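*Asks:* Got a structure here, written out as structure tokens. Questions coming.
The values are calculated or read from the model by the stated rules, or taken from the named source; none is laboratory data. Because the structure is predicted, anything quoted here is derived from the model rather than measured. Neighbour counts are summed over all protein chains in view; Cβ atoms, including those assigned to glycine, are modelled from backbone coordinates with ideal geometry. Side chains included, ligands, DNA and RNA excluded: accessible areas come from the protein's heavy atoms. Shrake-Rupley method; radii C 1.70, N 1.55, O 1.52, S 1.80 Å.
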Amino acid sequence: MSREKPEEHLVSRIETVTELSGRCYPNIQTAEATNGGDPALRFPACVYAAVGGTAVTTFGAGPRERTHSIRIDIRDASFTTVTTLARKALAALRAGGRLRDASGPIDQYDADLAVHRRLWTVQIVV
């Protein structure tokens, strides 16, 4: 059995958070059909994207494992929900055993969509 790629690992861990299951999107959130058939963005959601290039090896204190930096973006209309889900998502990543580091949060509000966003950049061990 081969080890999951960092992105696959990230998605599999975040989707253990019930509210985000099936709502984890690479790079851009896509619209889904509503009951009326019209496409719409559904929340809460998580959008993730690789940042900072390819995996790197550091030798500051001797050889270290390689990591990928990935930005996760948790979105919802409620700021309270966003902060709660971001906390749950980070806990799920920690429980997966491959989270090296996390930096953030950065909080944003998208006025056009009326959606709160909380962003973290995480490093997943390859």
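*Asks:* How much area per residue is accessible in the chain when the probe is 1.4 Å and only protein heavy atoms are counted (Å²)?
*Replies:* Values: 7200 Å² over 126 residues.
Heavy-atom accessible area per residue stands at 57 Å².
*Asks:* Test of understanding: what is the full-extension gain from Glu19 to Phe79, defined as 0.36 nm times their sequence separation minus their Cα-Cα distance? Intermediate values should be presented prior to the final figure.
*Replies:* Working: separation 60, 0.36 × 60 = 21.60 nm, distance 1.47 nm.
Difference between extended and current length: 20.1 nm.
*Asks:* Another question, if that's okay. Taking the Cα centre of the chain as origin, sum charge times position over the Cβ atoms of Lys and Arg (+1) and Asp and Glu (-1), and report the length of that vector in debye to the nearest 20.
*Replies:* Charge dipole of the chain: 560 debye, to the nearest 20.
*Asks:* Related question: Identify which of the listed values of volume of the Cα convex hull per residue in Å³ was calculated from the structure shown: (i) 128; (ii) 163; (iii) 100.
*Replies:* Answer by label: (i).
*Asks:* In whole percent, and with a 1.4 Å probe on the protein chains, what portion of the accessible area of the chain is carbon and sulfur?
*Replies:* Here it works out to 50 percent.
*Asks:* Further, regarding this structure: Separation of region 1-29 and region 97-125 by C-alpha centroid, Å?
*Replies:* 14 Å
*Asks:* Along region 21-37, what does the Karplus equation 6.51 cos²θ - 1.76 cosθ + 1.60 (θ = phi - 60°) give for ³J(HN,Hα), rounded to whole Hz, x for Gly and Pro?
*Replies:* Per-residue couplings from phi come out as 4, x, 10, 10, 10, x, 6, 8, 7, 9, 6, 10, 5, 8, 4, x, x Hz.
*Asks:* Shifting gears a bit: Residue by residue, what Karplus-based ³J(HN,Hα) values in Hz, rounded to whole numbers, does region 38-49 have, using 6.51, -1.76 and 1.60 with θ = phi - 60° and x for Gly and Pro?
*Replies:* The phi angles translate into 7, x, 8, 6, 10, 10, x, 8, 10, 10, 10, 8 Hz.
*Asks:* In deg cm²/dmol, rounded to 500, what helix-only [θ] at 222 nm does the chain give when every DSSP H run of at least 4 residues adds -39500 (n - 2.57) and the total is split over its residues?
*Replies:* -6500 deg cm²/dmol
*Asks:* Going highest first, how would you order 88-100, 109-121 by mean Cβ packing within 10 Å?
*Replies:* Packing proxy ranking, top to bottom: 88-100, 109-121.
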